[in-house]
Amino acid sequence: MPPRNQTFLQACRGERPARTPIWLMRQAGRYMPEYRAIRAKVSFTELCRSPDLCAEVTLQPVDYLGVDAAILFSDILVVFDALGIDVRFEPSPVIATPVRTAADVNALQWGDPHTELSYVYNAVRACKRALADRVPLIGFCGAPFTTLSYLVEGQTSREFEHIKGMIFSAPAVFAGLMENMTTLLCEYLRGQVLAGVDALQVFDSWAGALAPADYREHVLPHLARLVDFTRNLGVPLILFVRGNANLLALAAELPAEVIGVDWSIDMDQAVAITGPNRVVQGNLDPMLLLGPAALVERKAREVVAAARHAKAHIFNLGHGISRHTDPALARHLVEVVHSA
Ligand code: 1CP
């Protein structure tokens, strides 16, 4: 059965439903007391590996906020299970054995996501059952560069010195790693669609670490292969490349149905770049939700108005919601966008 609330999927197709659809990146998580209650009982890793708990957490923001789409509760870093590489969440991710040399890269064992990540596919099925066709379910993965940044740096990075060092000093090693990671992510996304997701989002959250020309040369061809691959999966793709306006123009060269816009650019400027035939998603600064309700209302209406020249608009934050957000204000934002 198709989801009863179709507004998100309509917007993905370029239609303009009566109400602007909205969901929030990282909408399930630590800002919600219901999430913290579950995390008091299980670790993040256990949670990701427990399909029924994933479904429960995935539905928390659907029930409380009234958003128009659910996003699978998981993490971009679970794919390392297909390489047999352990990630600890402390709560920031840490990989004890980062991959930095040609020898490290050659020693990697590329497993099959259909077996190693079957718990994610079980979580997709559990989410679909629990949603009972209320709203569509979004599956996701990290883009090849963002995913590899954790593998090479071993943790969240400010300067990205190890991965950029690899790009500039051993470009062929980096290219081989990107090639293999892209292939793994293609299969991983295919598995999510087979398990039932209604749309996909690819997060290139750390794209802004690279100068646009280097991004074009070393990253874009691999991302293009991933985007092309998803076009045959039969669900719309949202491509979120975070960094700056120059990267937005590069992302918009790829044939994703929806272009995610971060908060570093005003929405009308973003639409001027992506053009009148593109669907955009975004882009309220998530930290605005730490401010007063009246300001949130005004800024949210400004984003909706600024997106009117796009083919269609899915309202979202320009990056993930802050853990310090008052859930009631996030819920108010959903009402404001629905009535704008
Ligand atoms: O409970 C906890 O302590 C764990 C916190 C947490 C949560 C709630 C992590 C660890 N991941 C998640 C869930 C998550 N991560 C989701 C599903 C929830 C939802 O959207 O409703 C998604 C889509 C992600 C994606 C993700 N993980 C990204 C891309 C999006 C973004 O914010 O840019 C990235 C970069 C990660 C890595 C990661 N995992 C966890 C944390 C704290 C981080 C970010 C750390 C960093 O800044 O490097």
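The values are calculated or read from the model by the stated rules, or taken from the named source; none is laboratory data. A quick note: this is a predicted structure, and the numbers were derived from the prediction, not measured. Cβ coordinates were reconstructed from backbone atoms using ideal geometry, including for glycine residues, and neighbour counts include every protein chain displayed. Areas reflect the complete protein model, heavy atoms only, side chains present, ligands, DNA and RNA absent. Shrake-Rupley method; radii C 1.70, N 1.55, O 1.52, S 1.80 Å.
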Seminar exercise, completed: Contact list, first residue from the stretch 32-61 and on the phi > 0 side of the Ramachandran plot, second anywhere and more than 9 Å from the ligand (Cβ to nearest atom), beta-carbon distance below 6 Å, six or more apart or interchain, is none
Exercise. In the stretch 147-182, which residues are assigned to a helix (DSSP H, G or I), in contact (Cβ under 8 Å) with a residue 24 or more places away in the chain and either within 14 Å of the ligand (Cβ to nearest atom) or hydroxyl-bearing (Ser, Thr, Tyr) (or both)?
Worked result: Thr147, Leu148, Ser149, Tyr150, Leu151, Val152, Glu153, Ile163, Thr182
For this session: Would you mention how many residues in the stretch 39-76 are assigned to a helix (DSSP H, G or I), surrounded by fewer than 20 Cβ atoms within 10 Å (Cβ to Cβ), near the ligand (Cβ under 9 Å from one of its atoms) and not charged (D, E, K, R)?
Result: 2
For this session: Evaluate the following for Ala82: is it farther than 27 Å from Leu317 by Cα, surrounded by fewer than 18 Cβ atoms within 10 Å (Cβ to Cβ) and out of contact with any strand residue (DSSP E or B) (no Cβ under 7 Å at 6 or more places or on another chain)?
Result: no
Problem set entry | Residue in the stretch 93-111 that is under 20 Å from the mean Cα position of the chain (by Cα), within 22 Å of Leu189 (Cβ to Cβ) and part of a helix (DSSP H, G or I) present | no
For this session: Test each condition in (1) open to solvent by less than 10 Å² (accessible area, probe 1.4 Å); (2) in contact (Cβ under 8 Å) with a residue 60 or more places away in the chain; (3) farther than 30 Å from Leu9 by Cβ for Pro144 and report the one that comes out false.
Result: (3)
Problem set entry | Arg30 vs. criteria more than 21 Å from the chain's Cα centre (by Cα), surrounded by 14 or more Cβ atoms within 10 Å (Cβ to Cβ) and either more than 24 Å from Pro236 (Cβ to Cβ) or within 13 Å of the ligand (Cβ to nearest atom) (or both) | no
